[in-house]
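Have a look at the structure below, then the notes.
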Amino acid sequence: IDTKDGGADLFSFQNIPHDSSTAEKGETHQFTNFPHSAADSDDESSDQAKLLDEEKRAASFWTFAYYQQFFDVETKQVGQRIIGSMLPKPGRNYLVRQIRPNPDLYGPFWICTTLVFTTAIAGNLANYFSLAGKNYNWKYDFHKVTFAATAIFGYWWLIPLILSGILWWRGSQAKFTFLEIICVYGYSLAIYVPISVLWAIQVSWLQWTLVVVGAVLSGSVLLLTFWPTVSEDSKKIAFGVMFFIFVMHTALAAGFVLYFFHVPAASTATPIIPFINTTAISATTLNKQSITKLDSGPAKFTNLALQDTQKLKYNLSLPGLDSLKEAKTLDKGKGEQTVNLQQTAEKGKQTETKESLVTGSKTFKNAAT
């Protein structure tokens with residue numbers, strides 16, 4: 001190639017000598033460094049996955065390292081799983097898309113624990129609100145915490161265990177593990193946490209509307225999750241399993257309302273009863289006390305009679321009588337006892353007056369003699 005400035009050959013083809021060995025093989029260049037290919041990266045990732053699996057298998061069942069893998073989850077992932085358990089999406093399997101990559105027990109455990117306390121506390125508040133303004137001695141029922149924990153954790157473990165057994169018995173091709181099933185069921189209870197707080201509002205139609213909303217939303221996610229696993233089976237088994245899943249999920253919500261938040265119209269709460277001195281003073285006892293103290297003089301006898309009468313009036317005027325019939329009976333007895341006391345006092349006065357006159361006459365006679 002000639003140039004305009006002088007005709008010098010700046011660019012030209014040249015023969016490059018090659019080694020005889022490479023020339024015979026048809027090779028012109030030799031490479032010593034090679035870049036990583038996609039196949040190499042896949043092999044490395046598979047090797048890493050195998051190493052992680054070996055580490056998990058190496059951990060013993062009786063060590064904390066074995067259970068640590070079930071709680072290895074990020075907060076963002078837990079939030080996404082909670083939202084996914086409340087919003088059914090047809091065509092997307094909740095277990096396969098969100099749970100299967102990394103099933104955990106961290107989210108389900110804290111969801112169930114939170115639901116236990118919200119249900120028990122809101123249930124006691126509902127009972128308190130229903131008795132507000134009434135003369136009742138309200139007390140916090142700690143047994144509701146125990147019952148709520150038993151019901152919620154029992155549902156979280158027993159229903160997945162039964163469902164896992166059914167799938168194993170029918171030879172399901174989906175191969176859902178027990179860990180994946182309890183993870184799905186644990187997250188399905190998340191919708192009942194805010195609903196349990198709203199159940200404290202004592203409006204019957206609102207409570208049952210919340211039951212339907214919660215059961216339909218989270219129950220639909222469960223149905224869409226497990227339908228592909230049983231759809232291959234006979235229609236009788238498939239619809240039976242779906243019916244079992246939905247009914248048990250709805251029964252849990254209905255049981256919450258009926259046991260924790262339903263307050264009957266005629267409450268059986270213990271009323272506040274003031275302390276009543278039920279010691280009764282019988283007329284016979286009063287007469288005996290009066291007769292034994294006649295020798296103390298008419299003044300002391302009169303004071304005793306008045307004190308006994310005042311005590312009787314106090315006992316009869318106390319609140320908390322069982323019925324009006326008892327009040328009338330006691331009032332009648334009070335009048336009879338008062339009359340008897342007055343008559344006894346008058347007889348005592350007359351007797352002492354006679355004795356004083358007799359004693360005075362005898363003294364006068366002796367003095368005259």
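The values are calculated or read from the model by the stated rules, or taken from the named source; none is laboratory data. The model shown is predicted, which means the values in this text are computed figures rather than measured ones. All Cβ positions, even for glycine, are placed from backbone atoms using ideal geometry, and neighbour counts span all protein chains on display. Surface areas here come from the heavy atoms of the whole protein model, side chains and all, with no ligands, DNA or RNA. Shrake-Rupley method; radii C 1.70, N 1.55, O 1.52, S 1.80 Å.
Being open to solvent by 10 Å² or more (accessible area, probe 1.4 Å) and among the hydrophobic types (A, V, I, L, M, F, W, C) is the requirement here; does Phe226 meet it?
Judged against the criteria, Phe226 is not a match.
If you go through segment 240-267 one residue at a time, how many are modelled with pLDDT under 95, open to solvent by 70 Å² or more (accessible area, probe 1.4 Å) and in a helix (DSSP H, G or I)?
2
Only one of (1) over 16 Å from the mean Cα position of the chain (by Cα); (2) surrounded by fewer than 17 Cβ atoms within 10 Å (Cβ to Cβ) fails for Phe153. Which number is that?
With (1) over 16 Å from the mean Cα position of the chain (by Cα); (2) surrounded by fewer than 17 Cβ atoms within 10 Å (Cβ to Cβ) applied to Phe153, the lone miss is (1).
Looking only at segment 192-210, count every residue that is open to solvent by less than 10 Å² (accessible area, probe 1.4 Å) and under 16 Å from Leu87 (Cα atoms) and tell me the total.
Here the count works out to 1.
Yes or no, residue by residue, for (1) in a helix (DSSP H, G or I); (2) of a type in the set (Gly, Ala, Ser); (3) touching a residue at least 24 places away in the same chain (Cβ under 8 Å):
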| site | (1), (2), (3) |
| --- | --- |
| Pro88 | no, no, yes |
| Arg97 | yes, no, no |
| Pro103 | no, no, yes |
| Pro108 | yes, no, yes |
| Ile111 | yes, no, yes |
| Thr114 | yes, no, yes |
| Thr118 | yes, no, yes |
| Gly123 | yes, yes, yes |
| Tyr128 | yes, no, no |
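Yes or no: Ser164 open to solvent by less than 60 Å² (accessible area, probe 1.4 Å) and either free of Cβ contacts under 8 Å to residues at least 60 places away in the same chain or within 19 Å of Val257 (Cβ to Cβ) (or both)?
Considered against the rule, which asks whether it is open to solvent by less than 60 Å² (accessible area, probe 1.4 Å) and either free of Cβ contacts under 8 Å to residues at least 60 places away in the same chain or within 19 Å of Val257 (Cβ to Cβ) (or both), Ser164 comes out as yes.
How many residues are surrounded by fewer than 17 Cβ atoms within 10 Å (Cβ to Cβ) and free of Cβ contacts under 8 Å to residues at least 60 places away in the same chain when one looks only at segment 229-239?
5
With the condition kept exactly as written, say whether any residue in segment 36-43 is among the small types (Gly, Ala, Ser), at pLDDT below 70 and either within 25 Å of the chain's Cα centre (by Cα) or in a loop (DSSP other than H, G, I, E, B) (or both).
The answer is yes; a qualifying residue exists.
Would you check which residues across segment 173-189 are part of a helix (DSSP H, G or I) and open to solvent by 10 Å² or more (accessible area, probe 1.4 Å) and list them?
Phe178, Leu179, Glu180
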